[in-house]
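I have placed the structure first, in the form of structure tokens, so that the comments after it can refer back to it.
Any read-out appearing in this document is the output of simple, stated calculations on the displayed coordinates, not a laboratory observation. None of these values were measured; they are calculated from a predicted model. Because the Cβ atoms are built from the backbone with ideal geometry, glycine has one as well, and the counts that use them run over all protein chains shown.
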Amino acid sequence: MGWIIAFWISAIVLFYVYFGYPVLILFLSKLLPKPFVKFSEEELQNASLLPEISIFIPAYNEEPVIEKKIRNTLELDYPKDKMEIVVASDGSEDKTVEITQLYSDKIQLMAYDVRIGKTGLINKTVPKLKGEIIIFSDASAMLSVNALKELISPFKDPKIGSVSGLYILRDASSTSRAEGESFYWHYETFLKTNESTFYSILGAHGALYALRKSLFQTLPPNAINDDYILPMYGVQQKKRAVYEPRAIAVEEGTTSVRGEMNRRIRISVGNFQQLFLLRKLLNPFRGRIAFEFLSHKFLRSFSFLFMIGLFISNLIIPTTGFRIFLLIQILFYLLGLSGVIFFKNKKMPVPITVPFYLVIINYAALIGLFKYILHTQKMTWERPQ
């Protein structure tokens, strides 16, 4: 009986995390929306109404993309007299600094000789920025021409503390990571859209997000996912984090299996770190954000435990009906593991994409939990390989 209970608890939680919650948040966003004010199209064309912004571009050995990023940023549609652009080099050892210096008349360079990691870079640089709104954007992310105006539009509402743009992978049909990420981000976009309408998204994407400078708080020295923690610090101060899909950031989507796993593990370590740093958001008296944080962040971070529980309990239960479900699980994991082969070949059949990404995301979460507990995750970030 105990194993049957474990089986059903695991099955129900997993169903809720991946299927039930998305349906429920869609329903709640329609039934109980919380609208917010945005700048109109006419107001966005009136430079006097727009806030002063600072675009913060962290860079470590970004020689392959930094010039393209600078040119892209300079071409964005926003009043130049209200836009500060800062490239912060974190001890780059390539030509990142030299290339940035070529644009010294338009771009401010803050070059740190000793590498301090992205968290240290943010903590040292952001307080020096002049803008009312800080725009964070990765060096590898290219922005749509209207991205800045769309991104700052929700800040007309004083209740909005941060805004996240839409993240897109270029050539999403050409590589395995891009296909998997494309599916994953379609799923995440669905959740973000409805969470934003219901109350608040959970975090942002480092490719493009904005934060009121007045809400900025110094990150803990070992912080990993700044793009999650900073917006949620604002939420803790009762300011909403919302989603603006018309502000678009595009990034190339190629990497190796090892590079993908390292990236996922690092994200997972950050997820557990966030659960600890932001644990007060689980307080049910927080209302809507507590519901979202529990469903989207807490339960999903521990999905691997329920996957293990489901499989082990299913192995032990002798009933024929349960054996059929065990075969389905085995097939699912075999499909997921076979994705490694297709990943190397840069092309993955669609039926394998979902099992592959669910398997590696939850495997990464398992390793990430141990790394978080043992404090073995390297804090500095590397360009994906």
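Could you check what % of the DSSP bridge pairs in the chain are antiparallel, to the nearest 5? Don't skip to the answer; put the middle values down first.
Details: 9 of 35 bridges.
Beta bridges within the chain, antiparallel portion: roughly 25 percent.
Out of residues 5 or more away from Y103 or on other chains, whose amide H comes under 5 Å of its own, with H placed 1.01 Å from N in the peptide plane?
When sequence neighbours closer than 5 places are left aside, there are no close amide H contacts.
Using θ = phi - 60° and the Karplus relation 6.51 cos²θ - 1.76 cosθ + 1.60, list the HN-Hα couplings for the range 155-161 in order, rounded to whole Hz, with x at every Gly or Pro.
Whole-Hz 3J(HN,Hα) from phi for the range 155-161: 6, 4, 7, x, 7, 8, x.
Simple spin-label model, 7 Å along Cα-to-Cβ: T218 to E67 in nm?
3.9
Once label points are set 7 Å from the Cα along Cα→Cβ at both V23 and K106, what is their separation, rounded to one decimal in nm?
5.2
Please give me, ordered by residue number, the GluC sites (Glu not before Pro) of the range 54-141 that lie in loop per DSSP and have at most 13 other Cβ atoms within 10 Å. List each step's numbers first, then the result.
Numbers: sites: E62, E67, E75, E84, E93, E98, E132; in loops: E62, E75, E93, E132.
The qualifying sites are E75, E93.
Which listed residue (T100, I265, V65) has the Cα farthest towards the positive end of the charge dipole for the chain, taking +1 on Lys and Arg C-beta and -1 on Asp and Glu C-beta about the Cα centre?
Result: I265, furthest along the dipole toward the positive end.
Explain nothing, just compute: Karplus ³J(HN,Hα) = 6.51 cos²θ - 1.76 cosθ + 1.60, θ = phi - 60°, for every residue of the range 359-371 in order, whole Hz, x for Gly and Pro.
Working through the residues one at a time gives 5, 6, 5, 7, 5, 4, 5, 4, 5, x, 5, 5, 5 Hz.
Tell me, what is the percent relative contact order of the range 87-152, built from C-alpha pairs under 8 Å that lie six or more residues apart? Before the final figure, lay out the partial values.
On the way: 43 pairs, mean separation 20.1, N = 66.
Relative contact order, the range 87-152: 30 percent.
For I85, enumerate residues with amide H under 5 Å from its amide H, sequence gap 5+ or separate chain, H modeled in the peptide plane.
Excluding prolines and chain starts, which carry no amide H, the hits are I55, Q108.
³J(HN,Hα) across the range 216-232 via Karplus (A = 6.51, B = -1.76, C = 1.60, θ = phi - 60°), whole Hz, x for Gly/Pro?
5, 10, 4, 6, x, x, 9, 4, 10, 9, 4, 5, 9, 5, 4, x, 6
Under a 5 Å amide H to amide H cut-off, with H placed in plane at 1.01 Å, what residues pair with A111 once short-range neighbours are removed?
Correct list: S89.
Relative to the compact globular guide of 2.2 N^0.38 Å, what is the alpha carbon radius of gyration of the chain, as a ratio?
Working: Rg = 21.6 Å, N = 385, 2.2 N^0.38 = 21.1 Å.
Taking N as the residue count of the chain, the ratio is 1.02.
Answer with one residue from P158, P22, I135: the one whose Cα lies farthest towards the positive end of the charge dipole of the chain, charges on Cβ with Lys, Arg +1 and Asp, Glu -1.
P22
In whole percent, what relative contact order does the chain give with Cα contacts below 8 Å and a gap of six or more residues? Can you show the working numbers first?
Working: 671 pairs, mean separation 78.9, N = 385.
For the chain, the relative contact order is 21 percent.
Let me know the charge dipole size of the chain about its Cα centre in debye, to the nearest 20, where only the beta-carbon of Lys, Arg (+1) and Asp, Glu (-1) is charged. Present the calculation step by step, with values, prior to reporting the outcome.
Numbers: 44 positive and 34 negative charges, 250 e Å.
I would put it at about 1200 debye.
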